[in-house]
Protein chains: 2
Amino acid sequence: MSAPVRKYITYNDVHKMCQASAPQILEDFQPNLLIAIGGGGYVPARILRSFLKKTGSPNIPIQAIGLSLYETLETAPGSPEEVPGTKVTRTQWLDFTSLSNTNLLGKNILIVDEVDDTRTTLQYAVQELVKDVMEQAVKAGKPELAKETKFGIFVLHNKDKQKNGVLPEEMFTEKRYIAAETIGDEWCCYPWEAIDIDEHDRLAAEARAAAKQ
Amino acid sequence: MSAPVRKYITYNDVHKMCQASAPQILEDFQPNLLIAIGGGGYVPARILRSFLKKTGSPNIPIQAIGLSLYETLETAPGSPEEVPGTKVTRTQWLDFTSLSNTNLLGKNILIVDEVDDTRTTLQYAVQELVKDVMEQAVKAGKPELAKETKFGIFVLHNKDKQKNGVLPEEMFTEKRYIAAETIGDEWCCYPWEAIDIDEHDRLAAEARAAAKQ
């Protein structure tokens, strides 16, 4: 197996990807709550909010959640094969005590992350949030409201590869899944992880120039 | 009154400010939890985490909180003067149900925001977090642990101006207040708010060139 291609993404790339996706998000989904999956979703969520703001309207609120994905290699009983296991750990969840914007019922909620790789984290986020919605609807004595709550996803990059996680089919048919860019199984180097940002930008520019040739 | 000077800050400026401040933060404070004040603290907190990570150690966890500052002009009774009032609203607070890293006791907790303007938001964050610590210490039956929890602050810009909010004095004497840059009462234009990021960068470069002359 050869090493995956490294894809260098600059901050301005991220900024422009959010900008380019915003009109489609507003047209197809009209979110009224953003949920940023930390740490990768923090930067795109904050940028996206600027481009989703309509003149004269308040900002769309952002709630942050923290999810960590641990990929463990487990051996299936009686099998010599190593089966990739996955475990998502919550480091932060929605705060339901603070404000009315954590009332999820009837909202269009856009989950924001930087990359859809194996889809495991996104599946976890959606299924847990759907559970929260059901719980809120039952508590409110209005179970029918659960159906009126819609989830969407925005990622900077979707990797076109075998996914371990599954998302509800209607998310795709109803255009509630939006990736600014679909790429191969490349190694995404996001700028907030760069130790030398000038060198990072140079490598990004070099790759861009090479792609043009 | 003339319009305040606009200060254009690029993403790479933000990145390098976090990078430049990280050694001092590690030396003077050694945080083991970051609390990002959303939305402005999201980007610096995520970048800072990259530079605070020590080889072989796990990432420092980030918890996000959301605070909105509403400045209202209230008329003091019997006075013709308008008194600037301030009200901070929580849009998200720590999630104490998720994980051990919301156990604040005995930790060094670095609160991250983009700017210290009137200091109102930062005062609110610190005083409310101190309350949470006291509560956790009493619950744990170890009130003495409250004293061992230290708060620090990191901002990109501190505006050298009259502050409405007050922070504990020892935060300054113990070097737990770190501003990457101290500026006058300028209008900070952060890149994540830029509608045209190329023009934003051009204005930043222009100001830099003018400052050199």
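Bear in mind these aren't lab numbers, they're just calculated from the coordinates by the rules spelled out. Note that the coordinates shown come from a computational prediction; the quantities given were computed from them, not determined experimentally. So basically every Cβ, Gly included, is an ideal-geometry build from the backbone, and we count neighbours across all protein chains shown.
Between this copy and the others, label points of A:Trp187 are 4.4 nm apart in ascending order, each placed 7 angstrom from Cα in the Cβ direction. Inter-chain Cβ neighbour count for A:3-14, averaged per residue, equals 2 (cutoff 10 Å, partner chain atoms only).
Cross-link partners for B:Lys131 among the lysines, with Cα-Cα distance under 29 Å and sequence neighbours closer than 8 places in the same chain left out: B:Lys53, B:Lys87, B:Lys107, B:Lys139, B:Lys142, B:Lys147, B:Lys150, B:Lys159, B:Lys161, B:Lys163, B:Lys175.
May I ask you to work out the translational diffusion coefficient for the protein assembly as shown at 4 °C, viscosity 1.567 mPa s, via Stokes-Einstein with Rh from the Kirkwood sum over Cα pairs, reported in whole µm²/s? Write out the running numbers ahead of the final one.
Numbers: Rh = 23.2 Å.
Answer from the Stokes-Einstein relation: 56 µm²/s.
Averaged over the residues of B:86-96, the number of partner chain Cβ atoms lying within 10 Å of the residue Cβ comes to 5. The modelled label-to-label distance for the pair B:Arg6/A:Val130, using points 7 Å beyond Cα in the direction of Cβ, is 4.6 nm. For A:Asp95, the residues whose modelled amide H falls within less than 5 Å of its own, excluding neighbours fewer than 5 places apart on the same chain, are B:Trp93.
Shown for B:Phe172, B:Phe151, A:Phe96: other C-beta atoms within 10 Å of each C-beta, ranked fewest to most, produce the order B:Phe172, A:Phe96, B:Phe151.
May I ask for the equivalent-ellipsoid semi-axes of chain A, computed as the square root of five times each C-alpha gyration tensor eigenvalue and listed largest first in whole Å?
Details: eigenvalues 181, 122, 45 Å².
Largest first, chain A gives 30, 25, 15 Å.
In the protein assembly as shown, what % of DSSP beta bridges are antiparallel (nearest 5)? DSSP beta bridges in the protein assembly as shown are roughly 30 percent antiparallel. With viscosity 0.692 mPa s and temperature 37 °C, the Kirkwood radius over alpha carbon pairs of region A:1-50 converts through Stokes-Einstein to a diffusion coefficient of 263 µm²/s.
What ranking do A:Cys189, B:Cys18 get, fewest neighbouring Cβ atoms within 10 angstrom at the top?
On the way: A:Cys189 15, B:Cys18 25.
Fewest to most other Cβ atoms nearby, the residues stand as A:Cys189, B:Cys18.
Among the trypsin sites (Lys or Arg not before Pro) found in region A:105-206, those both in a DSSP coil and sparsely packed, with 15 or fewer other Cβ atoms within 10 Å of their Cβ, are A:Lys161, A:Lys175.
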